[in-house]
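J.: Let me begin by handing over the structure; questions about it come next.
The values are calculated or read from the model by the stated rules, or taken from the named source; none is laboratory data. Remember, it's a predicted structure, so these values are computed and weren't measured experimentally. All Cβ positions, glycine included, derive from the backbone under ideal geometry; neighbour counts span all protein chains shown.
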């Protein structure tokens with residue numbers, strides 16, 4: 001998997017910034033990417049989940065000051081609280097000595113602590129990248145059905161058969177619930193958290209009300225919101241915010257929540273294989289979440305991602321909004337004979353997007369009524385990736 005574009009992105013960032021943070025869920029491949037980068041350059045790699053490597057940083061300023069001429073990779077950097085002010089001092093020292101880039105690559109499995117600490121200590125000195133699991137752009141189109149079923153975590157996607165893949169995802173969920181999430185969130189009840197995650201899977205893409213979830217779980221709304229924030233900040237759940245515009249209409253203001261990885265979604269729902277998935281009532285919601293996650297990844301972080309819904313039924317599944325003001329309205333249909341809903345046309349009349357698109361599981365793009373273009377997922381991902389390279393977008 002070393003042809004992943006993230007390697008080139010990291011090299012580019014390290015040429016411009018003294019520190020780069022690579023964020024993403026556990027098992028997405030951050031360490032693999034970092035070790036490949038280390039293999040290609042003169043690098044120090046420290047796994048801060050290792051007691052031996054943490055011991056090397058007992059006096060971090062002394063240890064790191066002797067290695068200012070090399071790139072230092074700090075894996076699971078949240079394990080050493082208080083390191084960021086030290087890094088700031090060392091970066092400023094290196095700048096005075098004439099070295100202004102490529103000092104530190106920081107790997108983290110949760111955005112909450114890393115972004116807060118780095119934002120406070122390394123402002124103006126750090127760039128951020130998110131590494132998602134494997135996505136549709138990185139795989140041939142004839143592999144997309146497998147990617148949808150198994151998800152993009154490399155161990156799951158590359159497993160020797162569907163059963164092994166499913167068991168890996170079940171173990172992944174158990175490990176997160178029992179060890180990883182409590183590590184970041186303090187006192188988090190593993191049973192309640194597992195039930196909440198499962199409830200989100202059964203409501204994939206729905207408007208989620210924390211008070212309703214709390215009543216089902218026997219928890220107060222504040223606790224449910226804290227759990228939801230943890231799942232979002234650990235890149236396990238996507239919170240898709242509604243688009244707000246002053247249109248004189250009653251707009252939905254609650255966000256939608258999606259389990260980000262389709263394979264994890266299927267494990268939470270107990271769907272081990274394609275036959276079970278295709279016969280399950282959640283198949284449409286699963287496909288929608290899979291499509292949206294891939295499109296948002298392809299569009300890149302500079303593009304705003306929202307949905308649009310009014311009380312009268314006008315709705316857009318995904319509204320992509322560029323800094324230039326352009327927007328694309330996207331509907332998702334799991335049908336080889338797709339037809340845009342009336343609510344989609346009404347929403348487009350409200351917002352006047354530059355493009356009106358319908359993603360379907362076929363192989364050829366074609367036009368529908370009202371200038372709506374039906375497109376395969378792979379083709380639209382390519383277009384969005386190309387848009388990201390254009391100036392003034």
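J.: Suppose the filter is part of a loop (DSSP other than H, G, I, E, B) and either surrounded by fewer than 21 Cβ atoms within 10 Å (Cβ to Cβ) or in contact with a helix residue (DSSP H, G or I) (Cβ under 9 Å, 6 or more places away or on another chain) (or both); does residue 152 pass it? Break it down stepwise before answering.
T.: Numbers: part of a loop (DSSP other than H, G, I, E, B): yes; either surrounded by fewer than 21 Cβ atoms within 10 Å (Cβ to Cβ) or in contact with a helix residue (DSSP H, G or I) (Cβ under 9 Å, 6 or more places away or on another chain) (or both): yes.
Yes; evaluated as a whole, the condition is true for this residue.
J.: Give me a count of the residues in segment 204-222 that are touching a residue at least 24 places away in the same chain (Cβ under 8 Å), out of contact with any strand residue (DSSP E or B) (no Cβ under 7 Å at 6 or more places or on another chain) and surrounded by 14 or more Cβ atoms within 10 Å (Cβ to Cβ).
T.: So the answer is 2.
J.: Please verify whether residue 304 is free of Cβ contacts under 8 Å to residues at least 24 places away in the same chain, surrounded by fewer than 20 Cβ atoms within 10 Å (Cβ to Cβ) and closer than 26 Å to residue 109 by Cα, treating the condition exactly as stated.
T.: Details: free of Cβ contacts under 8 Å to residues at least 24 places away in the same chain: yes; surrounded by fewer than 20 Cβ atoms within 10 Å (Cβ to Cβ): yes; closer than 26 Å to residue 109 by Cα: yes.
Considered against the rule, which asks whether it is free of Cβ contacts under 8 Å to residues at least 24 places away in the same chain, surrounded by fewer than 20 Cβ atoms within 10 Å (Cβ to Cβ) and closer than 26 Å to residue 109 by Cα, residue 304 comes out as yes.
J.: Moving on to the next point. Any idea which of 87, 64 is more than 28 Å from residue 151 (Cα to Cα), touching a strand residue (DSSP E or B) at 6+ places or on another chain (Cβ under 9 Å) and either touching a residue at least 60 places away in the same chain (Cβ under 8 Å) or not in a helix (DSSP H, G or I) (or both)?
T.: On the way: 64 fails: either touching a residue at least 60 places away in the same chain (Cβ under 8 Å) or not in a helix (DSSP H, G or I) (or both).
Going through 87, 64 in turn, the sole match is 87.
J.: Something else about it: Would it be correct to say that residue 53 is at pLDDT 90 or above, closer than 16 Å to residue 131 by Cβ and surrounded by 14 or more Cβ atoms within 10 Å (Cβ to Cβ)?
T.: On the way: at pLDDT 90 or above: yes; closer than 16 Å to residue 131 by Cβ: no; surrounded by 14 or more Cβ atoms within 10 Å (Cβ to Cβ): yes.
So residue 53 does not fit the description; no.
J.: Being at pLDDT below 95 and in the same structural domain as residue 376 (by TED's automatic domain parsing) is the requirement here; does residue 183 meet it? If you could, list the steps in order and put the result at the bottom.
T.: Numbers: at pLDDT below 95: yes; in the same structural domain as residue 376 (by TED's automatic domain parsing): yes.
Taking the combined requirement at face value, the residue satisfies it.
J.: Among the residues of segment 207-245, which ones are part of a loop (DSSP other than H, G, I, E, B) and closer than 23 Å to residue 26 by Cβ? Explain how you work it out, then say what you get.
T.: So the first thing to find is which residues in segment 207-245 are part of a loop (DSSP other than H, G, I, E, B), and the list is 208-209, 218-220, 234-236, 241, 243-245.
Scanning segment 207-245 gives 234, 235, 236.
J.: Another question about this same structure. Which is touching a helix residue (DSSP H, G or I) at 6+ places or on another chain (Cβ under 9 Å) and either more than 30 Å from residue 271 (Cβ to Cβ) or outside the structural domain of residue 150 (by TED's automatic domain parsing) (or both), of 352, 321, 370?
T.: On the way: 352 fails: touching a helix residue (DSSP H, G or I) at 6+ places or on another chain (Cβ under 9 Å); 321 fails: touching a helix residue (DSSP H, G or I) at 6+ places or on another chain (Cβ under 9 Å).
The conditions single out 370.
J.: Specify which of the listed residues (271, 257, 295) is in a helix (DSSP H, G or I) and either without any contact (Cβ under 8 Å) to a residue 12 or more places away in the chain or buried (at least 17 other Cβ atoms within 10 Å of the Cβ) (or both). It would help to see each step written out before you state the result.
T.: Working: 271 fails: in a helix (DSSP H, G or I); 257 fails: in a helix (DSSP H, G or I).
Only one candidate qualifies: 295.
Conditions (1) under 22 Å from residue 390 (Cα atoms); (2) surrounded by fewer than 19 Cβ atoms within 10 Å (Cβ to Cβ), marked per residue:
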position: 311; (1), (2): no, yes
position: 317; (1), (2): no, no
position: 321; (1), (2): yes, yes
position: 330; (1), (2): yes, no
position: 341; (1), (2): no, yes
position: 344; (1), (2): no, no
position: 347; (1), (2): no, no
position: 361; (1), (2): no, yes
position: 367; (1), (2): no, yes
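J.: Also, I was wondering about something else. So, in segment 249-270, exactly how many residues are over 22 Å from the mean Cα position of the chain (by Cα) and either more than 22 Å from residue 309 (Cβ to Cβ) or not assigned by TED's automatic domain parsing to the domain that holds residue 306 (or both)?
T.: Residues that pass the stated criteria total 1.
J.: Quick check on segment 81-128: of everything there that is closer than 16 Å to residue 60 by Cβ and modelled with pLDDT under 80, which residue is surrounded by the fewest Cβ atoms within 10 Å (Cβ to Cβ)?
T.: Only one residue tops the list, namely 81.
J.: Also, quick follow-up: Collect the residues in segment 136-149 that are more than 23 Å from residue 285 (Cβ to Cβ) and assigned to a helix (DSSP H, G or I), keeping them in residue-number order.
T.: Within segment 136-149, 138, 142 meet the criteria.
J.: Among the residues of segment 182-203, which ones are out of contact with any strand residue (DSSP E or B) (no Cβ under 6 Å at 6 or more places or on another chain) and within 20 Å of residue 152 (Cβ to Cβ)? Talk me through it step by step, then tell me what you get.
T.: Kept after step one, since they are out of contact with any strand residue (DSSP E or B) (no Cβ under 6 Å at 6 or more places or on another chain), are these residues of segment 182-203: 182-199, 202-203.
Answer for segment 182-203, where residues must be out of contact with any strand residue (DSSP E or B) (no Cβ under 6 Å at 6 or more places or on another chain) and within 20 Å of residue 152 (Cβ to Cβ): just 197.
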